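> Supplied in C-alpha cells, the structure appears directly below.
Each reported figure results from applying straightforward, stated rules to the coordinates on display, with no laboratory input. It should be emphasised that the depicted structure is a prediction, and the values quoted were computed from it without experimental measurement. Please note: Cβ atoms are built from the backbone with ideal geometry, for glycine as well, and neighbour counts cover all protein chains shown.
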C-alpha cells in the first residue's frame with residue numbers, strides 16, 4: 001500500500017476520534033464564540049465602518065490559537081503513549097513519518113473546519129459593504145497556515161510527554177515565543193541584551209508568526225511567508241519523529 | 001520464519017536482553033517463559049520492530065526488521081502486553097481501522113472483520129465503545145486485531161492475561177489451531193499453558209535464555225522426572241526407606257505415613273531411563289502395593305530452579 005493511503009487511513013481515524021468525543025464540539029463552539037465576541041465587541045467591527053476583516057477579525061487569531069491549538073494538539077501523541085496504542089501503531093506496516101503526517105493532517109483539517117465555520121462574518125461584511133474578498137481569502141489562508149505552525153509545535157510537546165496537561169502548558173509557552181519574538185517591547189529587550197547584534201535580533205524576530213501573518217492580512221500571498229509557515233511545520237514534524245524514535249531506543 | 005541472533009538490548013546500564021538467539025519455524029508454537037521483568041516483552045518488542053536492538057540481528061520471513069521493516073511487519077500480527085486499543089472508537093471501528101492499515105479494502109476487509117469477530121466472539125460488543133468493554137472483551141478485541149490480516153507470524157504478549165478460565169481455554173485452542181500453519185511466539189507465566197499449547201518452550205531469566213526445548217525435555221530437567229511414587233499398606237516406613245534406598249538407580253527416598261499406609265517417592269539418579277520403575281517393582285514384590293506411578297517431572301519446579309537467584313548455578 002502506498003504512503004498516501006496510509007496517511008489517509010490514519011487521518012480518517014484521528015478525525016473520527018475528534019468527533020466521537022465532545023472535545024471537537026466544545027472547541028468549535030468556543031472558537032466561534034471568541035471570534036464573534038472579539039470581532040464585534042472588542043474589535044469594534046461596526047464602529048470602524050470599514051469593509052474589511054483585518055483589524056476586527058483576523059488580528060485576534062494569533063492570540064486565539066495560542067490557547068486553542070495546543071488544546072487540539074495536546075492529545076495527539078501523549079494519549080497514544082499513555083494508552084499504549086503507540087506500540088500498536090508503530091508495529092503496523094507503515095513508516096513512522098506517515099503516522100506523524102496523518103495525525104497532523106487530521107488535526108489541521110479540523111482546525112480548517114473551525115475556521116470555515118466563521119463564514120457568517122464574511123457574509124456580514126459583504127452584506128454591509130463591498131470588501132476585497134481576495135484579501136479576505138488570503139487572510140484565511142494565512143490564518144490556517146499559522147494554525148498549522150502552532151499545531152506542529154504542539155505535536156512536538158505532545159510527543160515529549162505522556163501527560164496532556166504538561167504538553168498543553170509547554171506548547172502554549174512555545175507558541176507564546178512565536179508571537180512575542182516579533183513584539184516591540186521584546187525586540188527592545190533583545191537589542192539591549194545582545195549589545196545591538198542586529199543580525200541575532202533579526203534572526204529571532206524573523207521567527208515571529210505575527211510578522212509573517214501581517215502580509216496575509218493585507219492580501220499579499222508572499223512566498224517567503226508561506227515558506228516560513230511550511231518550514232516551521234516541516235521542522236516540527238521532523239523533530240517529532242526524532243523524539244518518538246528516541247523514546248524507543250532509550 | 002523468525003530468526004533471532006545474539007540479540008541484546010540495554011537501557012542505560014541495565015541489560016534487559018542479553019545475547020539471546022533462537023529460531024521459530026512455521027508450524028511451531030514457542031512459549032516464552034520467565035519471571036516478570038525477565039526481558040520477555042522487550043524481546044517481543046524488538047521482534048515486532050517497536051524497539052530497535054542495541055546489537056544483534058532479527059530476520060522475520062527473510063526480511064531484516066531494521067533494514068526492511070515494512071515488509072517484515074506485514075507478516076507479523078502483534079498483541080502487545082495489556083492489549084492496548086483506541087478507547088475512543090467502537091470495536092468495529094477499531095477493527096476497520098486496523099484492517100485498512102493492513103491494506104485490506106472493500107469485500108476483503110468486510111470478510112476479514114467478520115472472520116475475526118466470529119473467532120474472538122465479539123459479536124455482542126461490536127458497536128460498543130472500547131473504553132466501556134470489560135477486560136476480557138478488550139483483550140479479545142486487541143487479539144482480533146492481531147489476526148485480522150491472517151498473518152504468517154504471530155507475536156502474542158500474554159494473550160490469556162486477565163481472561164476467565166473459559167476464555168483462556170478458547171484462546172489456547174485458537175492458538176494451537178493457528179500454530180499448525182503459522183509461526184507463533186507467545187509469552188506467559190502460566191506453566192499449564194506450556195503443556196496445553198506449546199511445541200517448544202524457552203525459559204528466560206534476567207535477559208538470558210536458561211532453557212530451550214520441548215515441554216518434555218524441560219520436564220526431564222526436574223528431579224521429579226522419572227521418580228516413582230507408590231502407596232503401600234501395612235509396611236513400616238523405615239523398612240520401605242531401607243529397601244528402596246539401596247536400589248542401584250535411586251538417589252533418595254522420601255516417605256509419608258498416614259495410619260497404616262505409607263506413601264513413598266523414589267527419586268532417580270538420572271532422569272527418565274525407566275530402570276528405576278522396574279527396580280522398584282522388583283523390590284516391592286511381596287508388599288501390598290495400592291498404587292504405583294512414574295512421575296513425568298514438574299515444569300514449575302524446573303522453572304523455579306532455573307529462575308530463582310539462590311538456586312541458580
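> To the nearest 0.05, how large is the calculated FRET efficiency for residue B:21 and residue A:174 if R₀ is 41 Å and r is the Cβ-Cβ distance?
Working: r = 46 Å, r/R0 = 1.11.
About 0.35, to the nearest 0.05.
> Using Cα pairs under 8 angstrom and six or more residues apart, how large is the relative contact order of the stretch B:2-220, in percent? All intermediate terms of the calculation are to be shown ahead of the outcome.
Working: 422 pairs, mean separation 65.1, N = 219.
It comes to 30 percent, rounded to a whole number.
> Also, I was wondering about something else. Between the helical axis of A:119-128 and the dominant principal axis of chain A, each derived from Cα atoms, what acute angle in degrees is found, rounded to the nearest 10?
10
> Between the alpha-carbon centers of the stretch B:149-186 and the stretch A:79-152, tell me the distance in whole angstrom.
Centre-to-centre distance over Cα atoms comes out at 42 Å.
> What whole-number distance in Å separates the alpha-carbon centres of the stretch A:192-221 and the stretch A:1-42?
30
> Rounded to whole Å and ordered largest first, report the semi-axes of the equivalent ellipsoid of chain B derived from its Cα gyration tensor (root of 5λ).
Whole-Å semi-axes of the equivalent ellipsoid: 46, 23, 16.
> Further question on the same structure: Specify, per residue and in Å³, the volume enclosed by the convex hull of the alpha carbon atoms belonging to the stretch B:228-297. Let's see the in-between values first.
Details: hull volume 5.2 nm³, N = 70.
For the stretch B:228-297, the hull spanned by Cα atoms encloses 74 Å³ per residue.
> With the contact rule set at Cα under 8 Å and sequence spacing of 6 or more, what percent relative contact order holds for chain A?
Over chain A, the number comes to 26 percent.
> Helix A:133-160 sits at what angle to the longest principal axis of chain A, using alpha carbons and giving 0 to 90 degrees rounded to 10?
On a 0 to 90 degree scale, this one is about 30.
> Taking neighbour Cβ counts within 10 Å as the exposure measure, how do A:199, B:287, B:224 sort from fewest upward?
A:199, B:287, B:224
> Within 10 Å of each Cβ in B:98-104, how many Cβ atoms from other chains are there, averaged over the peptide? Present the calculation step by step, with values, prior to reporting the outcome.
Working: counts 5, 1, 8, 14, 5, 7, 1.
Average per residue, whole number: 6.
> When the helix-only estimate is applied to the protein assembly as shown (DSSP H runs of n ≥ 4, each -39,500 (n - 2.57), divided by the residue count), what is the mean residue ellipticity at 222 nm, nearest 500 deg cm²/dmol?
Result for the protein assembly as shown: -16500 deg cm²/dmol, rounded to the nearest 500.
> What is the average number of partner chain Cβ atoms found within 10 Å of a Cβ in A:6-15?
3
> Return B:255, B:59 ranked ascending by Cβ neighbour count within 10 Å, so the fewest neighbours appear first.
Ranked by crowding around the Cβ, least crowded first: B:255, B:59.
> Which of B:221, B:177, A:12 has the fewest other C-beta atoms within 10 Å, and how do the rest follow up to the most?
The most exposed by this proxy come first: B:177, A:12, B:221.
> Among the DSSP beta bridges whose two residues both lie in the protein assembly as shown, what percent are antiparallel, rounded to the nearest 5?
70
> To the nearest whole number, what is the average tally of beta carbon atoms from other chains within 10 Å of the beta carbons of peptide B:47-60?
Mean partner shielding for this stretch: 2.
> Which FRET efficiency, nearest 0.05, do residue B:67 and residue A:191 yield, Cβ-Cβ r, R0 41 Å?
Working from the Cβ atoms, E equals 0.20.
> If you find the alpha carbon centre of the stretch B:1-75 and of the stretch B:114-147, how far apart are they in angstrom?
Spelled out, the Cα-based centre of one part sits 27 Å from the other.
> From the C-alpha coordinates alone, can you work out the Kirkwood hydrodynamic radius of the protein assembly as shown, in Å?
On the way: mean 1/r = 0.0356 Å⁻¹.
One decimal place: 28.1 Å for the Kirkwood radius.
> Explain nothing, just the number: relative contact order of the stretch B:228-297, from Cα pairs under 8 Å at least 6 residues apart, as a whole percent.
Here the relative contact order equals 46 percent.
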